[in-house]
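The block underneath contains the structure these notes are about, expressed in structure tokens.
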Amino acid sequence: MREPIKDFYGRVLGWLDDQGDRIIATDFYGRRVGVYDKARDFTSDFYGVRVCSGDGTVGLIMKAAEQNS
């Protein structure tokens, strides 16, 4: 299921794609910014580097939106 992530003004910043065992975070342009692995309970960035424990995909989308503006 694809879920849009929006800012305060309703603008789409990116999407979360739930694929069962993981959640893929993509920015507004469709570029992958990170992945949350549900089984291992951690989030990694585009390069595969572990960013945080738990689901930090929304934060990665927000960070990418901030860098693109």
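The values are calculated or read from the model by the stated rules, or taken from the named source; none is laboratory data. Remember, predicted model here, so these are calculated numbers, not experimental data. When we count neighbours, we look across all protein chains shown, and the Cβ atoms used for this are built from the backbone with ideal geometry, even at glycine. We work out accessible area using only protein heavy atoms, side chains counted, and drop any ligands, DNA or RNA first. Shrake-Rupley method; radii C 1.70, N 1.55, O 1.52, S 1.80 Å.
Of R22, R50, R40, which is the most mobile in a GNM of the chain whose springs link Cα atoms less than 10 angstrom apart? Greatest mean-square fluctuation among the candidates belongs to R40. Accessible area of I23 (1.4 Å probe, protein heavy atoms only, ligands and nucleic acids ignored): about 20 Å². Paramagnetic label reach from E66 (point 7 Å along Cα→Cβ; backbone nitrogen cut-off under 17 Å): within segment 6-22, residues 6-9, 13-14. Output the relative contact order of the chain, whole-number percent, from Cα pairs under 8 angstrom with separation of 6+ residues. Across the chain, relative contact order equals 24 percent.
Counting only chymotrypsin sites (Phe, Trp or Tyr not before Pro) that DSSP places in a loop and that have at most 10 other Cβ atoms within 10 Å, the longest clean stretch of the chain runs over 48-69. Working note: 222 nm ellipticity from helices only, DSSP H runs with n ≥ 4, each -39,500 (n - 2.57), summed and divided by the residues of the chain, gives -5500 deg cm²/dmol to the nearest 500. Converting phi to 3J(HN,Hα) with the Karplus coefficients 6.51, -1.76 and 1.60 and the offset θ = phi - 60°, segment 40-48 yields 8, 6, 8, 10, 10, 8, 4, 8, x Hz in sequence order, with x at every glycine or proline. Which one of D41, D55, D17 has the biggest mean-square fluctuation once the chain is modelled by GNM with Cα springs under 10 Å? Most flexible of the set in this elastic network: D41. Close amide H partners of V33, meaning residues 5 or more places away or on another chain with modelled amide H under 5 Å apart, are A25, T26, D27.
The angle separating the long axis of helix 57-68 from the principal Cα axis of greatest extent in the chain is about 40 degrees.
Would you pull out the residues with amide H under 5 Å of G56's amide H, same chain only if 5 or more places away, H placed 1.01 Å from N? Hits under the 5 Å cutoff: T43.
Ligands, DNA and RNA aside, S44 has an accessible area near 20 Å² when probed at 1.4 Å.
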